[in-house]
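Heads up, the thing below is written out as structure tokens.
Just so you know, all these numbers are worked out from the coordinates, no wet-lab data involved. Here the structure is a predicted model, which means the values were calculated and not measured. Glycine also receives a Cβ, built like all others from the backbone with ideal geometry; neighbour counts cover every protein chain displayed.
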Amino acid sequence: MSEEEGLGLIAGAGLLPRLIAEDRRRRGAPYLVVAFDGEGGPQDWLPTHPHFIARYEKPGALFKALKGAGVTTVAFAGAMSRPKIKPLAFDLTAARLAPRLTPLLKQGDDALLRELAKVMEEQGFRLAGAHELLTDLLAPEGAFAGPAPDEAAVADIARARALAEAIGALDVGQGAVVAAGVCLGLETIQGTDALLGFVAATPQRLRTETGRSGVLYKGPKPGQDWRMDLPAIGPETVRRAADAGLAGVAVRAGGVLVLGREATVAEAERCGLFLWGEA
């Protein structure tokens, strides 16, 4: 997007929205950070940026604030939980949208996000992905920390990718963990941290190898709109993968965001894990 376009940043939890906001401020590009009331998203950094506190039940006020701030492009960044909607607090816009959006709260994230993207476009906003705003965050191809995976790890990556793509096609999750060909866990709505915690708690008798083995694979869901909910890893992902006894983390090259590249690579080197971008 051009420097002149006003950006509306719909900010969820995690580091990504802050990185985008700080990048916009550094370049003097216009932007407005939107945080939802009660959402576990922006905290101490939000007051230092132009921002608007929105309510899920008041989309009319949100659209008015975005247009009033000169926003022409909207980007979603960071994890967001399923909202607890209060229908009695609906404004007229929410009442009109409810028949479209409410049923999707019982489906996968991708279905809901696709419909939200349509709503934004109907309001005249262009949708931009985080990867368009911070292009240097995309994972490169090949090894970008540690040694290249060995033959056993390559086989685990292939199986984990197949599993991740299978559950992704069902709009369930974006990741899987495989060790010695055995699936140790699949990502669901709880997210990657919960998946790695589950793997870490797996009894050794259920794992066929001792020592570090196995991989976490993450990649976009098949057919996913890359403007919405692109998967990401960061230093905490690496730490949790190490705690789970894994040998490394593999991601779809060009399709996964690496948040805090230097810190993520440094953590992988410290823990003795590889980071691999799968073509």
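Using a 7 Å offset from the Cα along the Cα-to-Cβ direction at both Glu121 and Lys84, what is the distance between the two label points in nm, to one decimal?
If labels sit at Glu121 and Lys84, their model points lie 3.4 nm apart.
Explain nothing, just the number: relative contact order of region 146-196, from Cα pairs under 8 Å at least 6 residues apart, as a whole percent. Mind showing how you got there, number by number?
Numbers: 60 pairs, mean separation 14.2, N = 51.
Reported relative contact order: 28 percent.
For region 64-171, calculate the relative contact order in percent as a whole number, restricting contacts to Cα pairs under 8 Å that are 6 or more residues apart.
Over region 64-171, the number comes to 35 percent.
If one computes the Cα centroid of region 242-279 and of region 170-220, what distance in Å separates the two points?
Spelled out, the Cα-based centre of one part sits 15 Å from the other.
Summing -39500 (n - 2.57) over the DSSP H runs of n ≥ 4 in the chain and dividing by its residue number, what mean residue ellipticity at 222 nm do you reach, to the nearest 500 deg cm²/dmol? Don't skip to the end; give the middle numbers.
Working: 9 runs with 98 residues, N = 279.
After summing the helix terms and dividing by residue count, I get -10500 deg cm²/dmol.
What is the magnitude of the charge dipole of the chain about its Cα centre, with +1 placed on the Cβ of each Lys and Arg, -1 on the Cβ of each Asp and Glu, and no other charges, expressed in debye to the nearest 20?
With Lys and Arg at +1 and Asp and Glu at -1, about 740 debye.
Taking amide H atoms as placed 1.01 Å from N in the peptide plane, list the residues 5 or more away in sequence, or in a different chain, whose amide H sits under 5 Å from that of Gly260.
Under 5 Å from the amide H of Gly260 lies no amide H from a residue far enough along the sequence or on another chain.
Using Cβ counts within 10 Å as a stand-in for footprinting exposure, how do Val172, Val215 rank, fewest first? Working shown, then result.
Details: Val172 17, Val215 30.
If I rank by nearby Cβ atoms, fewest first, I get Val172, Val215.
Can you give the FRET efficiency for Arg25 and Lys64, using 1/(1 + (r/R0)^6), R0 = 25 Å, r = Cβ-Cβ distance, to the nearest 0.05? List each step's numbers first, then the result.
Values: r = 23 Å, r/R0 = 0.94.
Plugging the Cβ-Cβ distance into 1/(1 + (r/R0)^6) gives 0.60.
Taking the Cα centre of the chain as the origin and placing charges on Cβ (Lys, Arg +1; Asp, Glu -1), which of Pro140, Phe274, Val251 is farthest toward the positive end of the dipole?
Checking the options against the dipole of the chain, the answer is Val251.
Counting only DSSP beta bridges with both residues in the chain, what percent are antiparallel, rounded to the nearest 5?
Among the beta bridges of the chain, antiparallel pairing accounts for roughly 30 percent.
Test of understanding: in a Gaussian network model of the chain with alpha carbons linked when under 10 Å, which of Leu116, Leu127, Leu206 would top the mean-square fluctuation ranking?
Checking each option, the largest mean-square fluctuation is seen for Leu206.
For the chain, modelled as a Gaussian network with Cα springs under 10 Å, which listed residue fluctuates most, Ala89, Ala35, Ala153?
For the chain, modelled as a Gaussian network with Cα springs under 10 Å, the answer is Ala89.
Specify the inter-centroid distance of region 1-73 and region 88-112, based on alpha-carbon positions, in whole Å.
21
Return the sequence-ordered ³J(HN,Hα) values of region 135-146 in whole Hz as given by the Karplus equation 6.51 cos²θ - 1.76 cosθ + 1.60 applied to θ = phi - 60°, using x for Gly and Pro.
Whole-Hz 3J(HN,Hα) from phi for region 135-146: 5, 6, 7, 5, 5, x, 7, x, 6, 10, 6, x.
Using Cα-Cα distances under 8 Å and only pairs 6 or more residues apart, what relative contact order does the chain have, in percent?
Averaging sequence separation for qualifying contacts and normalising by length gives 17 percent for the chain.
In the chain, what is the count of Lys pairs whose alpha carbons are under 18 Å apart, counting only pairs at least 8 residues apart or on separate chains? Mind showing how you got there, number by number?
Details: Lys58/Lys67; Lys58/Lys84; Lys58/Lys86; Lys58/Lys118; Lys64/Lys118; Lys67/Lys118; Lys84/Lys106; Lys86/Lys106.
For the chain, the number of qualifying lysine pairs is 8.
Whole-Hz ³J(HN,Hα) for each residue in region 168-173, computed from phi via Karplus 6.51 cos²θ - 1.76 cosθ + 1.60 with θ = phi - 60°, x for glycine and proline: what do you get?
Working through the residues one at a time gives x, 5, 8, 6, 9, x Hz.
Applying the Karplus parametrisation 6.51 cos²θ - 1.76 cosθ + 1.60 with θ = phi - 60° to the phi angles of region 184-194, what ³J(HN,Hα) value in whole Hz is obtained for each residue in order, glycine and proline being reported as x?
Couplings: 9, x, 10, 6, 10, 4, 5, x, 5, 4, 5 Hz.
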